[in-house]
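Undergrad: Have a look at the structure that comes next, please.
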Amino acid sequence: MMYDKLNTFGTDQAVTTTAPSTDIVDLGAARDMGNGEPLELVILVTQSVTAAGAASVTFTLETDDTAGFSSPVVLASSGAIGKAALPAGTEVLRVKLPLDAERYLRTNYTVATGPLTAGTFTAFLAHDRQASRAYASGFTVS
């Protein structure tokens, strides 16, 4: 899988309360991102999420026609995910990027019943993401 800094929303971004990504992606005037070869948004947990009490995080991809995100539109959402389901290495959201996005994109992390005491996330756009899994063969050779 390949991705670059210009297609990254944040690397190891520490989140304790609701916050947008540290970076935004500017699609410019040409907005056909991945037309014919779709790009995917990938959000990974890079440090396990902890909280003093119960907590959950909702991960969203948002778009807007202004860099200030005065009227963001949610393109994709993970729904609320409890802290126990957010250990390091977890892929929490992977969706194809819609072709009808407005000019700017960002991710947003909504913390409910927080705050979190730890948790970092990396979010980026990727092309040709490696997604295969290795399983036991299910047979023996004798």
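Here, each number is a calculation from the coordinates, and none is a lab measurement. Given the structure is predicted, the values throughout are model-derived calculations rather than measurements. A quick note on method: Cβ atoms are made from the backbone with ideal geometry, for glycine too, and the neighbour counts reach across all protein chains shown.
Undergrad: Name the residues whose placed amide hydrogens come within less than 5 Å of the amide hydrogen of residue 90, ignoring near sequence neighbours (fewer than 5 apart) on the same chain.
TA: 45
Undergrad: Quick one: which residues, 5+ away or cross-chain, put their amide H under 5 Å from the amide H of residue 76? H built at 1.01 Å from N.
TA: Result for residue 76 returns 61.
Undergrad: Hey, another quick one. Could you give the length gained by full extension between residue 5 and residue 48, i.e. 0.36 nm per residue of separation minus their alpha carbon distance, to one decimal place?
TA: 13.2 nm
Undergrad: Here's something else I'd like to know. What is the dipole size for the chain, taken about its Cα centre, with +1 at each Lys and Arg Cβ and -1 at each Asp and Glu Cβ, in debye to the nearest 20?
TA: In total the dipole reaches around 500 debye.
Undergrad: While we're looking at this one, here's another question. Pop out the ³J(HN,Hα) list for region 100-105 in order, Karplus 6.51 cos²θ - 1.76 cosθ + 1.60 with θ = phi - 60°, rounded to Hz; leave Gly and Pro as x.
TA: 9, 5, 6, 5, 10, 10
Undergrad: Hey, another quick one. Please compute the Cα-Cα pair-distance distribution of region 65-138 with 5 Å bins starting at 0, giving whole percents from short to long.
TA: 3, 9, 20, 20, 18, 14, 10, 3, 2, 1, 0
Undergrad: Further question: How high is the relative contact order of the chain, in percent, with contacts defined as C-alpha pairs under 8 Å that are six or more residues apart?
TA: It comes to 43 percent, rounded to a whole number.
Undergrad: Here's a follow-up. Shape verdict for the chain, please, from the Cα gyration tensor: rounded (a/c under 1.5), prolate (a/b greater than b/c) or oblate.
TA: oblate
Undergrad: Round to the nearest 0.05 the FRET efficiency obtained for residue 94 and residue 18 when R0 = 22 Å and r is the Cβ-Cβ distance.
TA: Plugging the Cβ-Cβ distance into 1/(1 + (r/R0)^6) gives 0.50.
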